[in-house]
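Reviewing the structure listed below.
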Amino acid sequence: MVCAILLSGRVFAIEGGVKDSLCSGSRQSSVFNVLHYGAVGDDRTDNTEAFSACLKALIMAGGGKMVLPDGIYRGRITIPPVSKPLKSWITIEIVGQSEPTPVFGTIGSFPLQNNGTIVKSTESSGAAVISVSPSSNSLYGEFSAVYVVLRNLDVRTYDNPAIGGVDLKNALQCRLENIFINTDIYNVQASQPSHGTCGLITPACNNAALTILRNVVVTGFHTGILVNEHTDGENIVVCSNINGLEFVFAHHASHFGRVAACRNTHHVTISGKHGFSIEQMDTEQPGPGQTDSQNGWQTLVSNINDPKNLGIANINYWVVEGNVGAIEKFTCIGGASIYARRIGSTKSTNEKVGE
């Protein structure tokens with residue numbers, strides 16, 4: 001709920017339900033604190049049931065904000081099917097108290113911070129840490145009638161995870177802002193992913209045409225971000241994944257502003273026909289002495305991996321090699337319809353990388 005208090009002659013609006021209610025009123029609150037449903041951010045308690053109870057109340061209220069105060073919350077957040085008899089879809093926000101500290105890099109060994117709001121699952125199978133269940137009675141295809149907003153969350157699995165981080169393929173729409181998805185280990189030390197899991201899956205093809213990513217960092221998965229259609233991303237970081245960004249089949253094009261791609265086996269992979277643009281792809285690959293037997297899989301194989309020539313794209317890029325500096329080499333597999341241009345290059349933007 002929102003109430004007003006008077007301090008020094010000024011009126012302040014206070015959003016209730018984050019820690020304790022500061023005032024009460026007759027209007028039903030659209031803010032739901034997970035602590036009020038039994039969640040405990042102690043890095044021990046399984047909060048899956050508490051998360052579900054909170055989401056159930058939120059959906060019954062017609063949508064709203066699920067707030068997680070700072071802490072380490074074990075368990076999964078699964079958004080249940082939202083479908084008819086609703087006449088439209090609803091907004092479900094899942095919001096942490098503090099912006100996470102995204103620890104990533106290309107050298108050294110740094111521990112991940114345990115500050116902010118962390119949602120963590122160590123399950124060996126099943127759904128991602130945060131996911132949306134499909135609907136059998138949907139307003140639109142098989143999508144759940146939800147616009148999912150995730151903000152200020154550190155989402156963790158474990159090294160070489162058999163589950164994903166965030167899976168929104170069954171959502172109609174989504175917006176992610178200030179999200180750090182990781183495998184609970186500094187990316188340079190990450191083991192080679194062998195389970196085919198994804199850090200983030202955006203709403204699938206034929207959704208309701210809205211996927212917005214802002215300040216999203218993904219490290220340590222087989223695929224960092226699985227990109228479906230209508231995806232618009234800005235300030236995206238993908239580090240130490242087999243595939244940094246993977247573009248799958250799409251009717252509609254996707255757009256990215258700045259993408260930082262470091263220590264991925266393939267920075268960009270295209271596995272389905274997809275039109276897209278990347279305004280600035282800033283990459284770094286390991287240089288001399290920057291890999292060992294444990295993380296040698298993070299050695300670059302290709303900047304663009306499009307063996308079936310399914311990508312239709314424009315990319316402006318910059319390449320750095322560790323211990324060397326900026327280089328001009330841009331490695332591609334296929335990519336017959338991808339036009340790539342090094343920043344500052346005098347080469348025509350119509351020169352295809354596959355030629």
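Evaluated against (1) surrounded by fewer than 18 Cβ atoms within 10 Å (Cβ to Cβ); (2) out of contact with any Phe, Trp or Tyr (no Cβ under 6 Å at 6 or more places or on another chain); (3) within 30 Å of Tyr158 (Cα to Cα), Glu93 falls short on exactly one condition, (1). Screening the range 293-308 for residues that are free of Cβ contacts under 8 Å to residues at least 60 places away in the same chain and buried (at least 16 other Cβ atoms within 10 Å of the Cβ) and picking the one that is nearest to Gly108 (Cα to Cα) gives Leu300.
Per-residue answers, yes or no, for (1) without any contact (Cβ under 8 Å) to a residue 24 or more places away in the chain; (2) surrounded by fewer than 24 Cβ atoms within 10 Å (Cβ to Cβ); (3) on the phi < 0 side of the Ramachandran plot; (4) not in a loop (DSSP other than H, G, I, E, B):
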site	(1), (2), (3), (4)
Lys169	no, yes, yes, no
Asp184	no, yes, no, no
Gly199	no, no, yes, yes
Arg214	no, yes, yes, yes
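Reported count of residues in the range 96-131, each being touching a helix residue (DSSP H, G or I) at 6+ places or on another chain (Cβ under 9 Å) and either within 14 Å of Asn152 (Cα to Cα) or among the charged types (D, E, K, R) (or both), is 1. For the range 242-275, the tally of residues that are buried (at least 20 other Cβ atoms within 10 Å of the Cβ) and not hydroxyl-bearing (Ser, Thr, Tyr) stands at 19. How about the range 293-319: which of its residues are assigned to a strand (DSSP E or B) and among the hydroxyl-bearing types (Ser, Thr, Tyr)? If the condition is that a residue be assigned to a strand (DSSP E or B) and among the hydroxyl-bearing types (Ser, Thr, Tyr), then Ser302, Tyr317 are the ones that fit. Restricting the first member to the range 116-141 and to residues that are more than 16 Å from Asn47 (Cβ to Cβ) and loosely packed, with under 14 Cβ neighbours inside 10 Å, and the second to residues that are small (Gly, Ala, Ser) and at pLDDT below 95, the beta-carbon pairs closer than 6 Å and six or more apart or on different chains are Asn137/Ser83. A search for C-beta distances below 9 Å between a residue of the range 32-44 that is closer than 10 Å to Val67 by Cβ and any residue that is aromatic (Phe, Trp, Tyr), counting only pairs 6+ apart in sequence or on different chains, returns Val34/Phe51; Val34/Tyr73.
Residues in the range 142-160 that are buried (at least 22 other Cβ atoms within 10 Å of the Cβ), of a type outside the set (D, E, K, R) and in contact with a Pro (Cβ under 6 Å, 6 or more places away or on another chain): Ser144 alone. Whether a residue is of a type in the set (Gly, Ala, Ser) and within 22 Å of Val103 (Cβ to Cβ) was assessed, and Gly287 passes this test.
Beta carbons closer than 7 Å, at least 6 apart along the sequence or on distinct chains, pair a first residue in the range 339-355 that is under 11 Å from Ala313 (Cα atoms) and part of a loop (DSSP other than H, G, I, E, B) with a second that is at pLDDT 55 or above and among the aliphatic types (A, V, I, L, M) for Val353/Ile304; Val353/Ile338; Val353/Ala340.
The values are calculated or read from the model by the stated rules, or taken from the named source; none is laboratory data. Everything quoted here is computed from the prediction, not taken from an experiment. Ideal geometry is used to build each Cβ from the backbone, glycine not excepted, and the neighbour counts take in all protein chains shown.
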